[in-house]
1. Could you calculate the FRET efficiency of residue A:118 with residue A:153 from 1/(1 + (r/R0)^6), where r is the beta carbon distance between them and R0 is 25 Å, rounded to 0.05?
2. Applying a 10 Å radius around every beta-carbon, put B:146-152, A:217-223 in order of their mean neighbour count, most first.
3. Per residue of A:187-197, how many C-beta atoms from partner chains lie within 10 Å of its own C-beta, taken as a mean?
4. Regarding region B:70-151, what's the average projected area of the Cα-atom convex hull, expressed in nm²?
5. Suppose the Debye formula is applied to equal point scatterers at every Cα of region A:118-167; what is log10 I(q)/I(0) at q = 0.28 Å⁻¹?
6. How crowded by other chains is A:94-105, given as the mean number of beta carbons from other chains within 10 Å of each beta carbon?
7. May I ask you to order B:215-226, B:68-79 by the average number of other C-beta atoms within 10 Å around their residues, highest value first?
8. Among A:115-122, B:86-93, what's the highest-first ranking by average C-beta atoms within 10 angstrom per residue?
């Protein structure tokens, strides 16, 4: 019994050390955006299993950013190829079903299987179109993954910053979910605390409500997009 | 309503004794506002948005959008063409430095010791090494700018937004935040000083530059949101509430902040 307890203690301290050794920038002491929550609290809330998800999610976002910047900087691609490339990245790394379903909110249940399917297809197409338009905005800004933490049961929040050559940094958080099959997928992106999924959901909800509560109104919008 | 209760519990642990009386006074106002939260209430995934004047708000927004397209956006684009990015950043830093007294007062009212310390340090460093505030040396060293206003202070004290409102030429706001905006400008010592020395002209120029700077910073996100949303009004409203909540929690990265509840769906289709 004594031995078991001791090894548990060892394991726990190992967990604490791992959590502490997560790379943090030296000047983070003054950086309120990261320093806001007392570090001791972080250690308590991060379990051994949890810190693993957070670490994995962090390298996942790093890889994702590398891929993303890779195709943005690839000059040999034309607009159409770039869009195709983006679609691949999106399919592979984003949980579009969950995002789409969340964005539809309570109207998901009131729509037919066929409507749901069409909606998800159109939704994905819309996301590709919306973000493809932004490719030209990329100006060689630096992208830094800062930290990560556990959120709820199966999610991790990865904090990253876009650092422009002049002006303020932009905080971007990636909500990464561990799926049942063990793969990691992005379910939300928050820019300066504003959730893209939530904003999308409010937009859709308002369109449907003002259209008399029918999902067809939204589908029409999506089709003509 | 559940959200409000949670938030006030959060606040309870943070607030100092001095704010007790104010909190009691203000919570009675807040409760009064809650009791008639029926008509025009929208539940936006955790955010209770109270928008009883939606019809008027939409009309004001149409007006604002028309003004933006006809006048403001061309001015912002012109400003960007004429002024290089480092100069625009310099102006922003300068204006932020001038806002120090307002930020500081609100941080003190919120009992934010760390924030108060940072704001003082920033003002000292940037006003000297940063050549009168033109360069954000402190930010470069990791002491980042924190925008505070009386709307956030009221929120910390437990006051809810009240009705959502769209203000002509300004845009998304709420009764609480718009009131806070007036309180801040009235309390601003820079304004007192300029009015007392008969330098109103400088004050209005500063006001104009502040407006230009804000519109410059809003141009990209708003243009993008307008293009990518079906109902721009609803998208802006949701963004406003989320952004304000992030500001009240002092930075968007706070761990205790409420996240959208994205359930794990069973993949049955």
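What follows is calculated from the coordinates using simple rules that are stated; it is not laboratory data. Since the structure is predicted, the reported quantities are computational estimates derived from the model, not experimental observations. Methodologically, a virtual Cβ is constructed for each residue, glycine included, from the backbone with ideal geometry; neighbour enumeration extends over all protein chains shown.
1. It comes to 0.20.
2. Listed from highest to lowest mean packing, they are B:146-152, A:217-223.
3. 6
4. 6.4 nm²
5. Rounded to two decimals, the profile gives -0.92.
6. Across A:94-105, the average partner-chain Cβ count within 10 Å equals 2.
7. On the way: B:215-226: 15.8, B:68-79: 14.0.
Sorting B:215-226, B:68-79 by mean packing, highest first, produces B:215-226, B:68-79.
8. B:86-93, A:115-122
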